[in-house]
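Colleague: Sharing a structure with you now.
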Amino acid sequence: MKGKLSTGMCFAFLAAFLWSTGGVGIKVLSLDGFQVAAFRAFIAALFLLPFFRPGDIKWNKTLVGFLLAFTWMSASFVISTKLTTAANAIALQYTSVFWVFLIDELPVKKTIPKRKIIPFMLVLLGIWFYMTEQNTGTNILGNVLGLSSGLGFGVVVVLLRRLSLPNGKSVICLANGVVFIILFLIMLIRGFNLPDVENVVFELSVLIYLGVFQIATAYIVFNKALQSISALTGSFVALSEPVLNPIWVYLFLKEVPTFHGIMGWICLMISMFIYLLTLNQQNSKINPSSADEKLKYSDSSG
């Protein structure tokens, strides 16, 4: 079971690694937020279409909720990234750890385990550092949308795990298809005006990368992770996304993090480290010698 847990966390980290490259990609495109989110989703759906199996789709309330949450998360995050700093948008999305806990664990456990209090507080502190940064690139609406994308991501994580899909390609394909259809209709209502693009090949290449790797591949890998770990553990491992993002921003956009950015980065990194360390310590104390103990061990992975 410990090996299964480790494998799940590795998959979650790989997904976060791919997600972390999105901030830079979104920022360098000349398209607006709706256009980026729509075309990125279209490419992701097109990439997964050969793997789509109608029989894999089981329509129920959980699936409908997942599709709606995925659409809101995708749109609000991209628009937030366009309006505010990429660091803010990504960090605010990780308020999702609180939503995952409130939706998925608190109704069952009725209390916050002591080992999770410090990681939660550090996440809050890290987000506070990002939000209080004096940066002309920030935007109130962008920050609000970033917070709402955190709720969307939290619901996506919980419902994706509840769907329990060994092969999630069909559902991820469907989700991106829904995102494209809804956002494309909104763009038609708003007026479909593409900006003048100087380097079409470059921007198309970025869009293809975002669709194929940053969305389609990342969510398939994350779905694989959720077969072995809880929604909350997956959310904490995914905190490596805002930890990795400043590295890509520095390498590709030459943006040097501010003091607030560095402190926020440190808080999120330590939060993730403490959570995973206490998780490992708790699991190492469990001796799965009986069926009941094995079940308890499995449930403790959150």
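None of the figures in this text is laboratory data; all of them are computed from the coordinates on show. Just so we're clear, the structure is a prediction, and the values are computed from it rather than from any experiment. Note that we place each Cβ from the backbone using ideal geometry, even for glycine, and neighbour counts take in every protein chain shown.
Colleague: Give the angle, between 0 and 90 degrees and rounded to the nearest 10, that separates the Cα long axis of helix 61-83 from the longest principal axis of the Cα atoms of the chain.
Modeller: Approximately 50 degrees, to the nearest 10.
Colleague: Largest first and in whole Å, what are the equivalent-ellipsoid semi-axes of region 155-244 based on the Cα gyration tensor, each being the root of 5 times an eigenvalue?
Modeller: Values: eigenvalues 174, 58, 30 Å².
Output for region 155-244: semi-axes of 29, 17, 12 Å.
Colleague: Starting at the first residue of region 253-266, write each ³J(HN,Hα) from the Karplus equation 6.51 cos²θ - 1.76 cosθ + 1.60 with θ = phi - 60°, in whole Hz, x for Gly and Pro.
Modeller: These are the phi-based 3J(HN,Hα) values: 10, 6, 8, 8, x, 7, 4, 4, x, 5, 5, x, 4, 5 Hz.
Colleague: To continue, here is another question. Under a 10 Å cutoff between Cα atoms, tell me which one of S164, S76, S148 has the largest fluctuation in the Gaussian network model of the chain.
Modeller: Looking only at S164, S76, S148, the biggest GNM fluctuation is shown by S164.
Colleague: OK, next. Given N residues in region 2-299, what is its alpha carbon radius of gyration divided by 2.2 N^0.38 Å?
Modeller: 0.99
Colleague: Show me, for region 23-36, the HN-Hα J-couplings you get by feeding each phi into the Karplus relation (A = 6.51, B = -1.76, C = 1.60, θ = phi - 60°), rounded to Hz, glycine and proline as x.
Modeller: x, 5, x, 5, 5, 7, 7, 8, 5, 7, x, 4, 5, 4
Colleague: Find, among the trypsin sites (Lys or Arg not before Pro) in region 1-91, those assigned to loop by DSSP (not H, G, I, E, B) with at most 13 other beta-carbon atoms within 10 angstrom.
Modeller: Loop-located and lightly packed - K58.
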